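The values are calculated or read from the model by the stated rules, or taken from the named source; none is laboratory data. These numbers were taken from a predicted model, which means no experiment stands behind them. Glycine also receives a Cβ, built like all others from the backbone with ideal geometry; neighbour counts cover every protein chain displayed. The protein model used for the area step is the full one, side chains on, heavy atoms only, and it has no ligands, DNA or RNA in it. Shrake-Rupley method; radii C 1.70, N 1.55, O 1.52, S 1.80 Å.
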Amino acid sequence: MNGYFGEYGGQYVPETLIPALRGLEDAAVRAFDDDGFQGEFSSYLQDYVGRPSPLTHAKRLSAHHGIEVWLKREDLNHTGSHKINNALGQILLARRMGKPRIIAETGAGQHGVATATACALFGMECVVYMGSEDIRRQHMNVERMRLLGAEVVPVTTGTATLKDATSEAIRDWVTNVDTTYYLLGSAVGPHPYPTLVRRFQAVIGEEARGQIIEKTGKLPDAVIACVGGGSNAIGIFSRFIDDPVELIGVEAYGDGNTSHGASINFGIPGVLHGACSHLLQDENGQVLDTHSIAAGLDYPGVGPEHSHLATTGRARYGLVRDAQALEAFRLLNRLEGIAPALESAHAIGYLEQYAHRHQGRTVIVNLSGRGDKDIHTVLEEGL
């Protein structure tokens with residue numbers, strides 16, 4: 001495995017974690033070369049998660065925008081999002097490594113639920129760190145995690161959101177590295193995590209590419225996905241990187257002013273949570289507070305591969321404000337009977353900008369999760 005994507009990536013961690021990361025990389029290399037591991041992972045994806053997830057032609061949304069919109073339905077997976085793909089893959093690695101205790105961070109709660117689900121399936125201890133602000137706005141997922149047997153640890157430092165939950169999970173890992181596996185949920189963090197997460201989420205792109213060719217006889221003009229840390233986006237982008245297909249990530253622009261989570265558009269290279277990537281920071285290198293109505297996008301950094309794709313121009317990254325995401329949430333409900341997660345609603349919200357310039361084109365939008373968890377937030381906004 002290569003620990004860098006261009007200039008981004010690396011292992012900027014305490015020395016005590018280097019052996020654990022080397023051990024994880026060794027275990028991953030062996031697993032990826034093992035047909036037995038690959039078969040077991042594929043079996044769980046099919047028989048437990050319910051893959052392949054459908055590719056749905058959103059006919060009324062297409063007519064509304066004047067483009068052909070296909071939705072990759074990760075919202076229909078068991079647990080309601082793409083996060084279960086990665087959680088199962090890493091749980092299988094943790095079991096191989098003999099690590100009985102699993103810790104994770106979560107923002108929107110979907111990774112926490114997926115991790116707690118995988119731990120319940122294999123009878124493993126599960127501790128999930130979650131910011132107290134995210135606990136407030138994602139209370140349903142908190143109760144789901146507890147029902148699955150996980151301990152949910154509130155984090156009250158900083159903005160009490162995903163960044164702070166990740167920091168606390170890393171502190172736990174440093175203290176308990178011998179017995180604990182850190183099941184990181186996005187394509188961020190020190191090597192080899194960005195590569196691991198990409199590998200386990202690549203099933204999204206593998207399926208989507210075959211499905212769109214089968215249904216339309218051609219590749220799409222563009223693939224669109226929301227980007228916080230970037231796991232759902234890198235998963236679907238991965239199979240299209242070598243194709244003549246436009247790759248578009250959509251960042252959370254918050255209030256459209258100074259309060260947002262758009263690290264690629266407004267950040268500069270820096271180190272956060274063990275890796276170098278685009279980072280929202282001030283002139284003194286202090287990490288800035290962020291905001292997004294979507295808890296899973298409320299993060300000041302991004303996965304290093306996304307930074308590389310942006311720097312090389314292979315992908316571009318648009319902006320969608322909270323208000324636009326809420327309108328997209330409403331629109332997809334009314335036109336297609338589908339409630340997207342507010343994270344996914346950012347990708348749906350970008351379609352208006354795309355269609356304004358590209359009438360008649362065909363796009364795939366990765367619908368990374370379902371919106372049951374966000375109903376309370378949406379109702380608070382008056383929709």
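Results, tabulated for the structure shown:
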{"item": "Residue match in the stretch 340-353 (condition: surrounded by fewer than 24 Cβ atoms within 10 Å (Cβ to Cβ) and part of a loop (DSSP other than H, G, I, E, B))", "result": "no"}
{"item": "From S238, S292, residue being among the polar types (S, T, N, Q) and in contact with a His (Cβ under 8 Å, 6 or more places away or on another chain)", "result": "S292"}
{"item": "Enumeration of residues in the stretch 190-238 that are hydroxyl-bearing (S, T, Y) and either buried (at least 24 other Cβ atoms within 10 Å of the Cβ) or more than 26 Å from G274 (Cα to Cα) (or both)", "result": "Y193, T216, S231"}
{"item": "Pick from the stretch 171-189, criterion closer than 17 Å to G23 by Cβ and crowded, with 18+ Cβ neighbours inside 10 Å, ranking: farthest from the chain's Cα centre (by Cα)", "result": "V177"}
{"item": "Qualifying residue in the stretch 335-354 (condition: without any contact (Cβ under 8 Å) to a residue 60 or more places away in the chain and of a type in the set (S, T, N, Q))", "result": "yes"}
{"item": "In the stretch 239-251, the residues that are closer than 25 Å to G189 by Cβ and either among the hydrophobic types (A, V, I, L, M, F, W, C) or buried (at least 20 other Cβ atoms within 10 Å of the Cβ) (or both)", "result": "F240, I241, L247, I248, G249, V250, E251"}
{"item": "All positions within the stretch 51-100 that are part of a loop (DSSP other than H, G, I, E, B), open to solvent by 10 Å² or more (accessible area, probe 1.4 Å) and either over 17 Å from G369 (Cβ atoms) or not basic (K, R) (or both)", "result": "P52, P54, G66, H78, H82, G98, K99, P100"}
{"item": "Residue selected from the stretch 252-268 under the condition touching a residue at least 24 places away in the same chain (Cβ under 8 Å) and out of contact with any Leu (no Cβ under 7 Å at 6 or more places or on another chain), by the criterion least open to solvent (accessible area, probe 1.4 Å)", "result": "G254"}
{"item": "Flag if G149 is at pLDDT 95 or above and in a loop (DSSP other than H, G, I, E, B)", "result": "yes"}
{"item": "Residues of the stretch 3-41 that turn out to be free of Cβ contacts under 8 Å to residues at least 24 places away in the same chain, in a helix (DSSP H, G or I) and open to solvent by less than 70 Å² (accessible area, probe 1.4 Å), as a count", "result": "4"}
{"item": "Residue list for the stretch 123-139, restricted to those being in contact (Cβ under 8 Å) with a residue 12 or more places away in the chain and either touching a Cys at 6+ places or on another chain (Cβ under 6 Å) or open to solvent by 40 Å² or more (accessible area, probe 1.4 Å) (or both)", "result": "E125, C126, S132, E133, H139"}
{"item": "Those residues of the stretch 158-191 which are polar (S, T, N, Q), farther than 20 Å from G9 by Cα, touching a residue at least 60 places away in the same chain (Cβ under 8 Å) and out of contact with any Phe, Trp or Tyr (no Cβ under 8 Å at 6 or more places or on another chain), in sequence order", "result": "T159, N176, T179"}
{"item": "Test: R370 is under 12 Å from D75 (Cβ atoms), among the charged types (D, E, K, R) and either more than 16 Å from the chain's Cα centre (by Cα) or open to solvent by 20 Å² or more (accessible area, probe 1.4 Å) (or both)", "result": "yes"}
{"item": "Residues (open to solvent by 30 Å² or more (accessible area, probe 1.4 Å), within 15 Å of V127 (Cβ to Cβ) and over 20 Å from the mean Cα position of the chain (by Cα)) located in the stretch 152-170", "result": "V153, P154"}
